[in-house]
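First up is the structure itself, then whatever we jot down about it.
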Amino acid sequence: MLVTGGAGFIGSHLCVELLDHGYEVIVVDDYSNSTPQVLPRVERIAGRFVGAVYELDIRDRRALSAVFDRHAVDAVVHCAGLKAVGPSTRMPVEYYDTNVGGLTALLRSMHDHGVHQLVYSSTCSIYGDAGRGPLDEDTPAQPTNPYAASKWLGEQILADVCLRRHEYAVLCLRYFNPVGAHPSGLLGEDPAGDPDNLMPYVAQVAIGRQERLRVFGGDYPTGDGTAVRDYLHVMDAVEAHRIALDHFADAPGMRVYNLGVGRGRSVLEVVAAFSEASGRTIPYDIVPRRPGDVAELVADASAVAFDWGWRPRRDLADVCRDAWRFQQVNPHGYAGAARRPTQKH
Ligand code: WQD
């Protein structure tokens, strides 16, 4: 199994899940939003080694093809990409180049090596400002930021490839908000620089790395005026990815599934839950809305439950407990752990 972005937040937790279930795992990552310190932790948790790690840019077809030349890849889980709403409005070209260009480079390498099974990380952000209430997979896509638009373009590319070439099987997973950490405290969300996403920022305020949380918008048409999202424990999210690998043969072509809990929580509810889990006060200021944000995104995840018999098992309290443990064990993130030599081209 090839995991792109395998040292990242989702990817690293996925590697643990796959290793725990007997898979051979090959990782490619450019470490732009992760560090080599992560994979030794993955191996420590799993008690098994990752098969190989390659530091490369997902857009580098030559480097990618060399990986396929060296390893008998049977399927790919594509987690590599840029994923923050806010920065995407400031760096649209980088987002389209990495997320769309990276996908096409991967598809070309897969095609050249006869690999046709792909799990694609997509996002609920493609639904845009679709309004209140749970959203199912038939909700029209109306992305409101370059991040979401780049992921939607990827979905359209994959759908068309599957329409034209019947040997492909693609499972497109539209993540709602993956958050939390591995219960060991060894793996978690530790983005490069100041976090763009809510949960890691809140955790850093709780541990004292950040002074105060900026709550982007207090005037949304929601219960308490702050935006509502569907927060999915990362361990639930990666369990769904592993289960997806058993369903490539269900039907040819591309199938799309929402991955979420089906319950919305506001920013202030997350702050309160984290404060409860950590015993720390989370100071915050209500500031203007963030460009590209929407009021509410909550999943109708009944399709994946019906087709795969899978439902998330963890709630927001579990998320905050595990995220806080990771932050306590790693007050400065992954910095400082022993560096693992990576195989270079
Ligand atoms: C959540 C809410 C912010 C930071 C994410 C990922 C995206 C996709 C979907 C996987 C919003 C508010 C945030 C802060 C805040 N997941 N916020 N202060 O934008 O919903 O998208 O989940 O693909 O990759 O980016 O997540 O955590 O950035 O924001 O008030 O400092 O928290 O406005 O309402 P988002 P987020």
Pairs where the first residue, in segment 179-198, is under 24 Å from Val228 (Cα atoms) and the second is within 16 Å of the ligand (Cβ to nearest atom) and of a type in the set (S, T, N, Q), C-beta under 6 Å, 6+ apart: Pro191/Asn33
Total residues in segment 111-136, condition more than 11 Å from the ligand (Cβ to nearest atom), closer than 19 Å to Val298 by Cβ and of a type in the set (A, V, I, L, M, F, W, C): 2
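Could you tell me which residue of segment 119-151 is modelled with the highest pLDDT, considering only residues that are under 24 Å from Glu239 (Cα atoms) and in a helix (DSSP H, G or I)? Please lay out each step first, then the result.
Applying the first criterion (under 24 Å from Glu239 (Cα atoms)) to segment 119-151 yields 119-127, 134-138, 148, 151.
Now narrow it down to the ones that are in a helix (DSSP H, G or I): 124-127, 148, 151.
Values: Cys124: 94, Ser125: 92, Ile126: 95, Tyr127: 95, Ala148: 95, Lys151: 98.
Among those that are under 24 Å from Glu239 (Cα atoms) and in a helix (DSSP H, G or I), it is Lys151.
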Verdict on His233 being of a type outside the set (Lys, Arg) and either within 22 Å of Ala75 (Cβ to Cβ) or at pLDDT below 95 (or both): no
Positions within segment 204-229 being under 18 Å from the mean Cα position of the chain (by Cα) and more than 9 Å from the ligand (Cβ to nearest atom), in sequence order: none
Total residues in segment 271-322, condition within 12 Å of the ligand (Cβ to nearest atom), open to solvent by less than 70 Å² (accessible area, probe 1.4 Å), closer than 27 Å to Ile126 by Cβ and of a type outside the set (Val, Ile, Thr): 7
Conditions (1) more than 20 Å from the chain's Cα centre (by Cα); (2) free of Cβ contacts under 8 Å to residues at least 24 places away in the same chain; (3) surrounded by 16 or more Cβ atoms within 10 Å (Cβ to Cβ); number of the one not met by Gly114: (3)
Some residue of segment 70-91 being free of Cβ contacts under 8 Å to residues at least 60 places away in the same chain and surrounded by 19 or more Cβ atoms within 10 Å (Cβ to Cβ): no
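Looking for whichever is in contact with a helix residue (DSSP H, G or I) (Cβ under 9 Å, 6 or more places away or on another chain), within 15 Å of the ligand (Cβ to nearest atom) and of a type in the set (Ser, Thr, Tyr) here; the options are Tyr257, Tyr334. Which one fits? Step through it out loud before you land on a result.
Numbers: Tyr334 fails: within 15 Å of the ligand (Cβ to nearest atom).
Of Tyr257, Tyr334, the one residue that is in contact with a helix residue (DSSP H, G or I) (Cβ under 9 Å, 6 or more places away or on another chain), within 15 Å of the ligand (Cβ to nearest atom) and of a type in the set (Ser, Thr, Tyr) is Tyr257.
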Qualifying helices (runs of 4 or more DSSP H) (wholly inside segment 3-110; at least 3 residues being at pLDDT 95 or above and within 25 Å of Glu239 (Cβ to Cβ)): 9-20, 38-46
Selection count, segment 137-151, where residues are of a type in the set (A, V, I, L, M, F, W, C) and either more than 12 Å from the ligand (Cβ to nearest atom) or more than 14 Å from Val85 (Cα to Cα) (or both): 2
Residue, nearest to Arg280 (Cα to Cα), within segment 198-226, restricted to residues that are open to solvent by 10 Å² or more (accessible area, probe 1.4 Å) and in contact with a helix residue (DSSP H, G or I) (Cβ under 8 Å, 6 or more places away or on another chain): Ile207
Extreme residue, surrounded by the most Cβ atoms within 10 Å (Cβ to Cβ), among residues of segment 123-175 that are free of Cβ contacts under 8 Å to residues at least 24 places away in the same chain and closer than 26 Å to Gly223 by Cβ: Pro143
Tabulated pairs, segment 226-240, first more than 16 Å from Gly11 (Cβ to Cβ), second within 13 Å of the ligand (Cβ to nearest atom) and among the aromatic types (Phe, Trp, Tyr), C-beta under 8 angstrom, 6+ apart or interchain: Thr226/Tyr220; Ala227/Phe216; Ala227/Tyr220; Val228/Tyr220; Arg229/Phe176; Asp230/Phe176; Tyr231/Phe176
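The values are calculated or read from the model by the stated rules, or taken from the named source; none is laboratory data. Only a predicted model underlies this, so the values are computations on that prediction, with no experimental measurement involved. Positions of Cβ are generated from backbone atoms using ideal geometry, with glycine treated the same way; all protein chains shown enter the neighbour counts. Only protein heavy atoms, including side chains, enter the accessible area calculation; ligands, DNA and RNA are left aside. Shrake-Rupley method; radii C 1.70, N 1.55, O 1.52, S 1.80 Å.
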